[in-house]
Ligand SMILES: [Zn+2]
């Protein structure tokens, strides 16, 4: 039954025949299992109007009332939030301005209230969340669900973000690094962002996420993979980084570094300097463009190395400087194509994000949908749906792990138009 549910949820099957074709299960087996899933409210079936002769088509989908997903992409000064149904279709988006220095309990409390409020406002059960995903602008131990020694986030080091929210909502919570979620979000764009995909965000810091050829995030042994901001750049040994070391990539080429060099302080508003920078880039200010090109050349040097290590098919750049002008992107392109080996670059596409700041949210939703429809997720979903009904249907599903052990994750393509 889990295979049938997953083929509708992740592979987009809409009919019994399609499920049978995708899963290899007999039509009669699919028919029986679809009836059980319809009976317990996890699937719905809509009969479409059709002018074609014959029976009108029946379209299967994951029920929009089976539960919801809540995602937050936490940045240094802002949090973006979304609630979706279980198939990842957007219900509502929101954003909060935050000061992470207030500490994790206050910030996570704000997220919980906002999610509940968003669900209430859109006519959904505020306690109907089935899965939560949170992205943090920090090195994240995803197995423990916490940030590890995050700079500029007092009180967050080792704070159990996952357990805190899990207790609040009594649901599973996945905590990840924001760059990992953004990389996953970029892959949801479809064909023009082929995998393996390396996504690099150049913002107040610099972080990277890698999605492998089979669609998994490469987090490394401890979750530190892609944390490239503190790689040492040769020739910049005199530049002090916020981490206490010298010559780090983000101390030389991040937005923060460029703003400091150009003396665009922005006063008390942390976003004002970035707005000024974007304005100067848009108006073609020579000094600003020159400094941003220098940053692009430094980023390009590190990217050329990463291209050798990972051999991605697509390299996606994002962040205010990339989104305001093409100069940073073209500088990175020229350095990477010049320095990396032909085998690694001949099919490599280097591009700017089209998702801008929603990549992390979209990636969070992709991850949440996968978690909901993992073996473990579906077992708890089916059990909770069954126990919430007075006369549970005869539920029978195979033990966790049986049959699907080597299955690659579904692509969980999200309709991009919802998110623009
Ligand atoms: Zn550093």
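Since every read-out is calculated from the coordinates, none of them should be taken as a lab result. What you see is a predicted model, and the numbers here were worked out from it, not measured in a lab. We place every Cβ from the backbone using ideal geometry, glycine too, and count neighbours over all the protein chains shown.
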Could you work out the relative contact order of segment 147-273, using alpha carbon pairs under 8 angstrom and six or more residues apart, expressed as a whole percent?
15 percent
Using a 10 angstrom cutoff on alpha carbons, build the Gaussian network for the chain and name the most mobile of 352, 95, 208.
95
Answer rounded, prolate or oblate for segment 237-299, using the Cα gyration tensor with square roots of eigenvalues a ≥ b ≥ c: rounded when a/c is under 1.5, else prolate when a/b is larger than b/c, else oblate.
oblate
For labels at residue 334 and residue 263 in the simple 7 Å Cα→Cβ model, what's the distance in nm?
2.8 nm
Among 344, 70, 359, whose mean-square fluctuation peaks in a Gaussian network model of the chain (Cα, cutoff 10 Å)?
344
Spherically averaged projected area in nm², based on the convex hull that wraps the Cα atoms of segment 68-181:
6.2 nm²
Note the angle between two axes, namely the Cα long axis of helix 104-121 and the longest principal axis of the Cα atoms of the chain, as a number of degrees from 0 to 90, rounded to the nearest 10.
50 degrees
On a 0 to 90° scale, report how tilted helix 286-310 is relative to the longest principal axis of the chain, with both axes built from alpha carbons and the result rounded to the nearest 10.
60 degrees
Pair residue 121, residue 59: separation of 7 Å Cα→Cβ label points (nm):
2.8 nm
Can you show me the helix-derived [θ] at 222 nm for the chain, built from DSSP H runs with n ≥ 4 at -39,500 (n - 2.57) apiece and divided by the number of residues, rounded to the nearest 500.
-11500 deg cm²/dmol
Compute the angle between helix 375-387 and the longest alpha-carbon principal axis of the chain, please, reported from 0 to 90 degrees and rounded to the nearest 10.
50 degrees
Out of all DSSP beta bridges with both ends in the chain, state the antiparallel percent to the nearest 5.
60 percent
So for 124, 218, fewest C-beta neighbours within 10 Å to most, what's the order?
218, 124
Any idea what log10 I(q)/I(0) is at q = 0.14 Å⁻¹ for the chain, Debye with uniform C-alpha scatterers and no solvent?
-1.25
Rank the residues 343, 329, 81 as a footprinting-exposure proxy: fewest other Cβ atoms within 10 Å of their Cβ go first.
343, 329, 81
For residue 105 and residue 380, calculate 0.36 nm times their separation in residues minus their Cα-Cα distance, and state this gained length in nm to one decimal.
96.3 nm
